[in-house]
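Here's the structure we're looking at; comments come further down.
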Amino acid sequence: VQLQAFGGGLVQAGGSLRLSCAASGINFAINRMYWYRQAPGKQRELVAAISSDGSANYADSVKGRFTISRDNVRRTVFLQMNSLKPEDTAAYYCNTVRQSRHYWGQGTLVTVSS
């Protein structure tokens, strides 16, 4: 299983970024996919999740600002991040679970300046 995340960068507060995560080695269409983030000195936290049917869940801190989506043909999961805040600064990781094992992408850094 390989997960490759892209799209991080430096953005001003109020701006937007779109993260992508390409998956291989799994039956992508049936896998629930996740985005996590980890800020410096803090624990990794779940940001958003999307099921195979497209239903999504979000952390309270990002509701109304972030949107998770998936393209089963391209085997890619996305995280559209709008109205970014400095507290969104973190390394963002995509994740999936296969046979009870967690798989992680390499992380992509998002920095939001005030």
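The values are calculated or read from the model by the stated rules, or taken from the named source; none is laboratory data. As the structure is a prediction and not an experimental result, all values here were calculated from the model. When we count neighbours, we look across all protein chains shown, and the Cβ atoms used for this are built from the backbone with ideal geometry, even at glycine. For accessibility, only protein heavy atoms count, side chains too; no ligands or nucleic acids. Shrake-Rupley method; radii C 1.70, N 1.55, O 1.52, S 1.80 Å.
Worth a mention:
- When residues of segment 88-113 are limited to those that are touching a strand residue (DSSP E or B) at 6+ places or on another chain (Cβ under 8 Å) and open to solvent by 60 Å² or more (accessible area, probe 1.4 Å), the one farthest from R18 (Cα to Cα): H102
- Residues within segment 71-92 that are in contact with a Phe, Trp or Tyr (Cβ under 7 Å, 6 or more places away or on another chain), within 14 Å of W35 (Cα to Cα) and not polar (S, T, N, Q), tallied: 3
A quick yes/no check of all residues on (1) at negative phi; (2) open to solvent by less than 30 Å² (accessible area, probe 1.4 Å):
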site: G15; (1), (2): yes, yes
site: C21; (1), (2): yes, yes
site: Y36; (1), (2): yes, no
site: G41; (1), (2): no, no
site: V47; (1), (2): yes, yes
site: S51; (1), (2): yes, yes
site: A59; (1), (2): yes, yes
site: V62; (1), (2): yes, yes
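- Any chance I26 is open to solvent by less than 30 Å² (accessible area, probe 1.4 Å) and touching a residue at least 60 places away in the same chain (Cβ under 8 Å): yes
- Cβ-Cβ under 7 Å pairs, at least 6 apart or on other chains, segment 42-60 side modelled with pLDDT under 95, far side exposed (fewer than 15 other Cβ atoms within 10 Å of the Cβ) and not in a loop (DSSP other than H, G, I, E, B): S52/A29; S52/I30
- Matching residues in segment 64-87 - criterion: being aliphatic (A, V, I, L, M) and surrounded by 14 or more Cβ atoms within 10 Å (Cβ to Cβ): I68, V77, L79, M81, L84
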